[in-house]
Amino acid sequence: MKENNYVSELTELGGWRDGLAAEGKRVVLTNGCFDLLHAGHVRYLKEARALGDALVVALNSDVSVKALKGEGRPLHCAEDRAEILCALEAVDRVVVFDQARVTGVIESLRPQVYAKGGDYTVESLNAEERGALEGVGAEICILSLVPGRSTSQTLKQMEETGGAGQKAKLGILGSGKGSNLDAIFKKIDTGELEAEVTVVISDVAGAGILDLAKERGVQALRIDPGYEKGGRLSDGAIKEITDRLRAAGVDLVVLAGFMKIVRGELLDEYSGRMLNIHPSLLPKFKGLAAWRQALDAGEKETGCTVHLVSAGVDSGEILGQAKVPVLEGDTAEEVHARIQEQEHELYARVISERLDAMAQ
Ligand code: GRF
């Protein structure tokens, strides 16, 4: 366990090194930009630390990173890069240096060991740095790089996927007209919901929700629900839906008026990644025509609920609700229309929150 871990001034390092040397301890020095830390860096620093008793990382300042790597670099300022390095178990001290060469640090620190990544050989080390290392009697160790891990590769990958990475993919299941899907598309258009719909599946041939998907150029599939008692989907239908969602790379399944009970491998595959919207303030009024149930029960207020889908009907953790009043003389249709207005705001909001939570 290291007792101290902070960014040092170059002038402090010589005395610190002498103290350790008096205890028979060897100091290892390495240097670099460490702009976008990856597992390759972490493994390399661990190996470097194992060459002695303490590891000093000489970190290129922002000016020197820019000179070495070009415009747009570093991505993270020296203070941040140093803070991240300091948090690593393998790193004992970080010192920021401004020059193109690490010679000044070598001369002040006088490390017993100098570690460098395998993109160099002892011969290809800069002559000035090599001279300084020989001058202080440091042993030079070249460590092999971790294949497939590099900052430039990470940056290239980010560029290819549009910088922020790919958008989350939604798979929609619905049996009806699809006003909730329409609202989701509109929230995507305005940028309020950062996601894309990659597939829309319905158990009802000719359902409005499928036309909506086609209009938007989204894959629209009708799947035969098969015959099962109590509106359950047949095993074959469950399998086909699961396969289709998987093939479309779906991250989150959104039930938007899907009138079948979800179960089996579909539920297992998307556990915690499947949402439903229900037109009541759950746990009140589960099941069909929930707005009518609320009206018939004489409720003064009802609303809608978005919840995670679990094995029971309209059960599962509640993630969000919106309320609407039930007014004197309301018809069931009027109550439903009022609820749907709220659904169209609530669903996209909760989907967005869920995607954020999944990305953590
Ligand atoms: C909504 O009222 C929703 O709460 C319920 O089914 C209805 C779907 O409507 N689960 P739409 O097809 O999105 O217009």
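Just so it is clear, none of the values below were taken in a lab; they were calculated from the coordinates. Note that the structure is predicted; figures quoted are calculated from it, not measured. A quick note on method: Cβ atoms are made from the backbone with ideal geometry, for glycine too, and the neighbour counts reach across all protein chains shown.
Are any of the pairs LYS169/LYS260; LYS286/LYS323; LYS66/LYS116; LYS25/LYS69 more than 25 Å apart by Cα-Cα distance, and if so, which?
LYS25/LYS69
Please report, in debye to the nearest 20, how large the charge dipole of the chain is about its Cα centre when each Lys and Arg carries +1 at its beta carbon and each Asp and Glu carries -1 there.
My answer is approximately 680 debye.
The relative contact order of the chain comes to 12 percent, based on Cα pairs under 8 Å that sit 6 or more residues apart. All Cα-Cα distances of the range 77-198, cut into 10 Å bins from zero to the largest, leave 10, 23, 24, 13, 11, 11, 6, 2 percent in each bin in turn. Each Lys and Arg Cβ is given +1 and each Asp and Glu Cβ -1; about its Cα centre, the range 26-156 then shows a dipole of about 300 debye.
For the range 53-68, backbone phi angles converted through the Karplus equation (6.51, -1.76, 1.60; θ = phi - 60°) give residue-by-residue couplings of 10, 8, 10, 10, 9, 8, 9, 4, 5, 4, 4, 6, 5, 4, 5, 7 Hz, Gly and Pro being listed as x.
Its Cα gyration tensor gives the range 1-102 an equivalent ellipsoid. The semi-axes, each the square root of 5 times an eigenvalue, are 24, 15, 11 Å from largest down. A Förster radius of 41 Å combined with the Cβ-Cβ distance from VAL7 to LYS167 puts the calculated FRET efficiency at roughly 0.60. For the chain, adding -39500 (n - 2.57) for each run of n ≥ 4 DSSP H residues and dividing by the number of residues yields -12000 deg cm²/dmol at 222 nm. Looking at the range 92-158, the GluC sites (Glu not before Pro) that sit in a DSSP loop and have at most 10 other Cβ atoms within 10 Å of their own Cβ are GLU123.
From least to most packed, judged by other beta carbons within 10 angstrom and beginning with the fewest, TRP291, TRP16 follow the order TRP16, TRP291.
Between HIS307, HIS76, HIS336, the GNM of the chain built on Cα springs shorter than 10 angstrom shows HIS76 fluctuating the most. The base-10 log of I(q)/I(0) for the range 270-340, evaluated at q = 0.17 Å⁻¹, reads -0.56 [Debye formula, identical scatterers on Cα atoms, solvent excluded].
With kT/(6 pi eta Rh) evaluated at 4 °C and eta = 1.567 mPa s, and Rh the Kirkwood radius from Cα pairs, the range 198-298 diffuses with a coefficient of 87 µm²/s according to Stokes-Einstein.
Please identify every one of the chymotrypsin sites (Phe, Trp or Tyr not before Pro) in the range 205-278 that sits in a loop by DSSP and has no more than 13 other beta carbons within 10 Å of its own beta carbon.
Passing both the DSSP loop test and the Cβ count: TYR227.
Of the trypsin sites (Lys or Arg not before Pro) found in the range 281-346, those in coil by DSSP whose Cβ has at most 10 other Cβ atoms within 10 Å are LYS300. Residue-wise HN-Hα couplings along the range 345-360, as the Karplus relation 6.51 cos²θ - 1.76 cosθ + 1.60 with θ = phi - 60° gives them from phi, are 8, 5, 4, 4, 4, 5, 4, 4, 5, 5, 5, 4, 4, 5, 7, 5 Hz; Gly and Pro carry x. On the principal axes of its alpha carbon atoms, the chain extends 92, 39, 36 Å, with the longest extent given first.
For LEU173, the residues whose modelled amide H falls within less than 5 Å of its own, excluding neighbours fewer than 5 places apart on the same chain, are ILE201, VAL254, LEU255, ALA256.
Sorted from greatest to least, the principal axis extents spanned by the alpha carbons of the range 178-222 come out as 31, 17, 15 Å.
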